[in-house]
Each structure stands twice: as C-alpha cells, then as structure tokens.
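Here's the structure, in structure tokens; my notes come after.
The values are calculated or read from the model by the stated rules, or taken from the named source; none is laboratory data. Please read all numbers here as calculations on a predicted model, not as lab measurements. In this analysis, Cβ positions are derived from the backbone assuming ideal geometry, glycine residues included, and neighbour counts consider all displayed protein chains.
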Amino acid sequence: MLGRLRSWTDRHTLIVDTLVVSPLLLFCLATLGVMPTDTIPAGFTIVLTLVMLIPLLWRTRWPREVMALIALACFVQWLVWGAGIIPADLAVLVAMYGVAARCSFTWAVAALLVTELGVTLESLQWFEQRKSLLLLGSVVITIWIAGIYANTRRQYVENLVERAERAERERDQQAQLAAAGERARIARELHDVVAHNVSVIVVQADGAGFAIDTDPDLARTAMRTISETGRQALAEMRRLVGVLRQDADVPEEYAPQPGLAELDDLIGHVRASGLPVDCAIAVPAGLPEGEQLVIYRVVQEALTNTLKHGGPGARATVSVDFDPHEVVMRVIDDGRGAAAEASEGGHGLIGMRERIAMYGGSVQAAPRAGGGFQVVARLPVGQAT
C-alpha cells in the first residue's frame with residue numbers, strides 16, 4: 001500500500017505540491033483583510049503573495065530555482081518596505097525544506113544560510129527583543145533538519161528499491177544460465193543416446209548384409225530391429241533440435257548414460273547415505289533410452305533434495321508407474337518440507353523441469369499438507385513406445 005502511494009506521488013508531483021501549497025495560499029488570502037496597510041499597500045501584498053506562493057507548485061521539480069526566486073522576492077520586499085512582514089513570507093521556509101529534501105547537502109546548507117540571513121535582517125528591524133532572533137533561527141533549523149531527514153530517508157528507500165531490482169535481475173539471469181547449462185548437458189546426454197542407436201543400426205545392417213543369402217529370416221529380424229531403432233533415433237533427434245550448446249569448450253564425457261536398470265543401484269547408494277527409501281518400480285522393458293535417462297535423473301534429483309533438506313529421521317518413498325500413455329514418477333518424503341531452509345544457487349528443479357518439458361511432460365514439486373515434500377513428474381511415452 002505504501003509502495004503504491006509513493007509510486008503515485010512520484011508520478012504526480014504537481015498535484016502533490018498543489019495540495020501542499022493550497023492551505024498556505026488560503027491562509028494568506030484570508031488574512032489580507034486584516035493586514036495593516038501602512039507598511040505594505042494591499043495591492044502589493046496580493047502581488048507578493050502570488051509571486052511567493054505560485055512557484056511552490058514546482059518546488060519538487062526545480063527546488064533550487066524556486067528557492068532562489070522566493071528568496072529574491074523576500075529581499076526585494078525587505079529593500080522596498082523594510083520590516084514589513086506578510087504571511088506569504090512563510091513560503092521561504094517551504095522552499096528551504098524542498099531544497100534540503102531534494103538536493104545535495106551543499107545546496108541544503110546554502111538554502112539554510114540564505115534563510116537565516118533573511119530571518120536575521122527581519123528580526124533586527126522589526127522585533128524589539130533580540131531573543132526573537134534566536135527563536136526564529138531555531139524554527140528555521142528545525143525545518144531544515146526535517147528536510148535533511150526526508151532526503152536521507154528518500155535516498156535510503158531508493159537504494160533499497162534499486163538493490164531489490166538488481167537482485168531480481170541477477171536471480172533471473174542465474175535461472176537463465178542454469179537453464180542454458182542444463183540444456184547443454186541434456187544435449188550431450190542425448191548425443192550419447194542417438195550415437196548408441198546409430199551404432200545398433202550399423203551393427204544390425206552389417207549382420208543383415210552377411211545373412212541375407214544364407215539366413216533370410218535372420219536378415220528380416222535384423223531389418224525390423226533397424227527400423228525400430230531408427231524411429232527411436234529420429235524421435236531423439238527431433239527433441240535435440242533447438243537445444244542450445246553454449247559450453248562447447250568443455251571436454252565432452254562420452255560415457256554410457258544411466259537408465260531404469262541403474263535405479264536399483266541409485267536407491268542402494270541413497271540408502272547407504274543414511275536415507276531409508278521404499279521403492280516400487282513398474283515400468284516395462286524397451287522404453288527408449290532418452291526417456292529412461294529422464295526418469296533416472298528425476299528420481300536422482302528428488303532423492304538428492306530429500307538428502308539435503310529432509311532433515312534427520314526423514315524417510316522417502318519412490319514409485320514409478322506406467323500406463324499406455326505416460327510414466328508417473330512420485331518421490332515423497334516425510335522430512336521438514338516447507339520448514340527447510342532455502343539454499344542459495346540450487347537449480348535442481350529447473351533442470352528437472354527442463355528435462356521433462358523436452359518430452360512434453362510436467363513436474364509438480366511442493367511441500368505436503370501433512371508435512372514433508374513431494375515431487376510428481378509425468379512423462380508422456382505413448383508415441384515413443
């Protein structure tokens with residue numbers, strides 16, 4: 001609410017300044033009838049009032065210029081009519097506050113000295129008791145200090161807003177870098193998957209070539225294998241197009257990528273790390289290697305998060321279910337959930353969503369209502385299988 005109000009006032013400075021000046025203008029106009037005319041004629045009083053108050057409408061935009069104009073009007077008034085005082089002279093205090101609240105400290109001190117000079121000249125002629133000089137000077141200094149405080153407060157708020165915006169930009173940049181790095185790693189892994197499929201095609205094609213004359217049935221079986229493997233390779237290549245590889249200078253690691261067969265080893269390793277895991281995997285054999293890799297990485301990342309944030313005594317449950325259209329992965333734990341401290345620089349969920357999104361799937365990761373945390377990932381596999 002306060003932020004919206006501050007934003008509105010920053011956009012409509014003329015309206016705000018008008019609202020501030022209006023009470024002073026009404027007060028000056030109301031007192032014109034009771035002001036003595038032996039010192040300053042009534043006509044000149046009206047002119048001086050307008051000359052001093054109207055510039056205050058732009059005190060936020062041009063505080064130094066407004067202060068200079070009002071101070072000059074007060075000085076002319078003092079030269080022509082001596083010690084005559086009108087209510088519009090209060091405008092110099094408003095202008096001084098505007099300089100102190102909007103300009104640098106040097107300009108604020110200059111405005112204070114000019115105002116104190118005017119108060120001194122007026123007090124020495126108009127007041128009989130010199131104590132009034134000290135009283136008016138104290139009032140001027142109090143208003144000036146209030147302007148300095150407002151200036152300091154405004155700069156502090158602006159610094160906070162700038163830091164918040166910079167932190168938000170940096171967070172977005174870190175997320176983009178993490179997503180780009182994850183896409184590059186996925187590109188390398190899919191490269192291995194496609195290379196494996198092409199290798200299978202070459203081997204089967206060589207076998208079919210040798211067996212086509214001596215064993216036609218074996219050659220036909222090899223050709224069917226080539227057809228199925230080629231379709232899988234094409235599907236992986238389509239997903240590979242568009243993946244940005246930004247870290248081409250990093251040495252490639254061409255190693256066999258994990259799949260469903262390695263899930264047991266992964267869960268055993270997690271159990272050895274101190275996290276009890278209940279496991280139920282019901283996925284048929286023959287799933288494309290790219291999708292097997294996605295399933296493995298999602299389960300791996302979810303269990304890693306449980307190890308990091310679940311806390312002592314946590315227990316996890318892993319289930320991988322298959323139907324004709326999708327594979328559903330659920331990793332649920334009974335750890336601290338929402339009470340876990342957020343870690344800086346973690347991009348596991350970003351990478352998880354990047355992997356699943358390449359296959360048209362979705363990921364839901366959130367604390368559970370009864371405590372703990374759960375990750376539910378859905379991977380469409382109907383067309384591939």
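Going by the conditions given, is residue 86 surrounded by fewer than 15 Cβ atoms within 10 Å (Cβ to Cβ), at pLDDT 70 or above, farther than 18 Å from residue 154 by Cβ and among the aliphatic types (A, V, I, L, M)? Against the criterion (surrounded by fewer than 15 Cβ atoms within 10 Å (Cβ to Cβ), at pLDDT 70 or above, farther than 18 Å from residue 154 by Cβ and among the aliphatic types (A, V, I, L, M)), residue 86 does not qualify.
Annotation note: Cβ proximity below 8 Å between a residue of segment 245-273 that is in a loop (DSSP other than H, G, I, E, B) and a residue that is loosely packed, with under 15 Cβ neighbours inside 10 Å and at pLDDT 50 or above (sequence gap 6+ or interchain) occurs for 254/195. Residues considered: 184, 101, 111. Of these, the only one that is at pLDDT below 85 and buried (at least 16 other Cβ atoms within 10 Å of the Cβ) is 184.
In this structure, is residue 323 acidic (Asp, Glu) and modelled with pLDDT under 85? So residue 323 fits the description; yes. With respect to (1) modelled with pLDDT of 75 or more; (2) at negative phi; (3) not in a strand (DSSP E or B), the lone exception for residue 378 is condition (3). Looking only at segment 291-314, residues that are more than 19 Å from residue 349 (Cβ to Cβ) and under 34 Å from the mean Cα position of the chain (by Cα) come to 2 in all.
Applying the criterion of being without any contact (Cβ under 8 Å) to a residue 40 or more places away in the chain and in a helix (DSSP H, G or I) to the residues of segment 301-320, the residue that is nearest to residue 231 (Cα to Cα) is 303. When we screen 284, 276 for residues that are outside the structural domain of residue 205 (by TED's automatic domain parsing) and modelled with pLDDT under 85, the only hit is 284.
Can you say whether residue 351 is crowded, with 19+ Cβ neighbours inside 10 Å, under 33 Å from the mean Cα position of the chain (by Cα) and at pLDDT below 80, as far as the supplied structure shows? It is true that residue 351 is crowded, with 19+ Cβ neighbours inside 10 Å, under 33 Å from the mean Cα position of the chain (by Cα) and at pLDDT below 80.
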